[in-house]
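Report on one structure; see the data block that follows.
The values are calculated or read from the model by the stated rules, or taken from the named source; none is laboratory data. If you're wondering where the values come from, they're calculated on a predicted model, not measured in any experiment. Don't worry about glycine lacking a Cβ; one is built from the backbone with ideal geometry, like all the others, and counts go over all protein chains shown. Ligands, DNA and RNA are stripped out before the accessible areas are found, and what is left, the full protein with its side chains, is counted by its heavy atoms. Shrake-Rupley method; radii C 1.70, N 1.55, O 1.52, S 1.80 Å.
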Amino acid sequence: MTTRQKKVLLAVTKSNGGGAQRYVTDLAMGLPQEEFSVVVAAGSNGPLFGELKKYGIRTHRIKRLGRDICTVDDWRAFRHFQKIIAAEEPDI
């Protein structure tokens, strides 16, 4: 009996180096590839994307996603994130 991979979508606000980004990278690279297909979504355009792509982990950049509150940017980021979820159809 074979089981299909579970698709995991991880998200973090910024793609620069830092605690949360390190956690997301470690989790994305540490999940067993035979059980999980990992996709990462993040804001800004930092080194996180290059590091993940180096290991074959797919990424999505959410242009307007940031830590500071901005109603217009937050709404745009939310809508973009909804599109990523609809396209990727993650299990987790």
* Among VAL24, VAL72, VAL12, which one shows the biggest mean-square fluctuation in a GNM of the chain, springs joining Cα atoms closer than 10 Å? -> VAL72
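Considering only protein heavy atoms and a probe of 1.4 Å, how much of the accessible area of the chain is carbon and sulfur, as a whole percent? Don't skip to the answer; put the middle values down first.
Working: 3290 of 6240 Å².
Its accessible area is 53 percent carbon and sulfur atoms.
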* Asked: Looking at TYR55, ALA42, ALA28, which one has the Cα that reaches farthest to the positive end of the dipole of the chain (charges on Cβ: Lys, Arg +1; Asp, Glu -1)?
  -> ALA42
* At most 15 other Cβ within 10 Å, DSSP loop - GluC sites (Glu not before Pro), region 28-91 -> GLU34, GLU35
* Provide the per residue accessible area, probe 1.4 Å, for the chain, rounded to a whole number of square angstrom. => 68
* Please find, in a Gaussian network model of the chain (springs between Cα atoms separated by less than 10 Å), the residue of THR25, THR71, THR59 whose mean-square fluctuation is greatest. => THR71
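For the chain, what does the helix formula give at 222 nm: sum of -39500 (n - 2.57) over DSSP H segments with n ≥ 4, over the residue count, nearest 500 deg cm²/dmol?
Numbers: 3 runs with 38 residues, N = 92.
One gets -13000 deg cm²/dmol as the mean residue ellipticity at 222 nm.
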* Structure fact -> Connecting every pair of Cα atoms under 10 Å apart in the chain and solving the GNM, the largest mean-square fluctuation among ALA20, ALA42, ALA28 falls on ALA20
* **Rounded if a/c under 1.5, otherwise prolate or oblate - region 19-73, Cα gyration tensor axes** => prolate
* Structure fact -> From highest to lowest solvent-accessible area (probe 1.4 Å; ligands, DNA and RNA excluded), PHE36, PHE78, PHE49 read PHE78, PHE36, PHE49
* Helix 71-88 sits at what angle to the longest principal axis of the chain, using alpha carbons and giving 0 to 90 degrees rounded to 10? -> 20
* Asked: Pairing the Cα long axis of helix 19-30 with the longest principal axis of the chain, what angle in degrees results, from 0 to 90 and rounded to the nearest 10?
  -> 20
* **Within the chain, longest stretch free of exposed trypsin sites (Lys or Arg not before Pro) [DSSP loop, at most 11 other beta carbons within 10 Å]** => 5-66
